[in-house]
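The structure under discussion appears below in the form of structure tokens.
The values are calculated or read from the model by the stated rules, or taken from the named source; none is laboratory data. On a predicted model such as this, the values are computed, not experimentally measured, just so you know. Here the Cβ is made from the backbone with ideal geometry for all residues, glycine too, and neighbour counts use every protein chain on show.
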């Protein structure tokens, strides 16, 4: 299975963002479906059955050491000419710590697919089809501020690619790991 660890915002939060995106959404970009919006903590790639069981145990342990985090989707930006994103603010230091733990869980079971990078909490909202200029989209959304919410769990998500390169992925939550009580 192709897996990643993520924080999935509540439906109301995604709905608020989706409403704001209506002002900029067009047919030029591949827009992320609201049901697929998430904050990726660690990407594992293809993981076998036994390794998935080990990963699940380690992620449950990592989540059990965390308390709920207050987060808010704000602003927008881009990664080069390929990815349009909205940012995440709030309890980002504990979120970074959780991301490091999720990456370490994969490394410990031999599915380290993450290049060394600084964790930048965000939600990918669109991908360029060609060599699109994403600057106008990011500028139009830079003032976006969604409602605050509490992240209370981490999810292990299965990603199934559809339609070949550039096609949309379908995401299925395999399991969730609740954080410790606040």
Query - Set 162, 135, 158, 129: member being at pLDDT 95 or above and surrounded by fewer than 13 Cβ atoms within 10 Å (Cβ to Cβ) - result: 135
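Can you pull out the residues in the stretch 124-159 that are in a helix (DSSP H, G or I) and either within 29 Å of residue 100 (Cα to Cα) or within 17 Å of the chain's Cα centre (by Cα) (or both)? Give the derivation first.
Just the residues of the stretch 124-159 that are in a helix (DSSP H, G or I), to begin with: 135-141.
Passing the criteria: 138, 141.
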Query raised in the report: Which of the residues belonging to the stretch 2-14 are under 16 Å from the mean Cα position of the chain (by Cα) and assigned to a helix (DSSP H, G or I)?
Result: 11, 13, 14
Query raised in the report: Here is a list of conditions, (1) farther than 30 Å from residue 27 by Cα; (2) surrounded by 16 or more Cβ atoms within 10 Å (Cβ to Cβ); (3) modelled with pLDDT under 95, and residue 90 meets all of them except one; can you say which number that is?
Result: (3)
Query - the stretch 165-181 - residue that is in a loop (DSSP other than H, G, I, E, B) and modelled with pLDDT of 90 or more and, of those, surrounded by the fewest Cβ atoms within 10 Å (Cβ to Cβ) - result: 180
Requested in this report: List the number of the failed condition for residue 58; all other conditions in (1) farther than 11 Å from residue 154 by Cα; (2) in contact with a helix residue (DSSP H, G or I) (Cβ under 6 Å, 6 or more places away or on another chain); (3) outside any helix (DSSP H, G or I) hold.
Outcome: (3)
Query raised in the report: Is one or more of the residues making up the stretch 104-121 modelled with pLDDT of 95 or more and within 15 Å of the chain's Cα centre (by Cα)?
Result: yes
Query raised in the report: Could you list, in sequence order, the residues of the stretch 78-107 that are in contact with a helix residue (DSSP H, G or I) (Cβ under 6 Å, 6 or more places away or on another chain) and assigned to a strand (DSSP E or B)?
Result: 78, 84
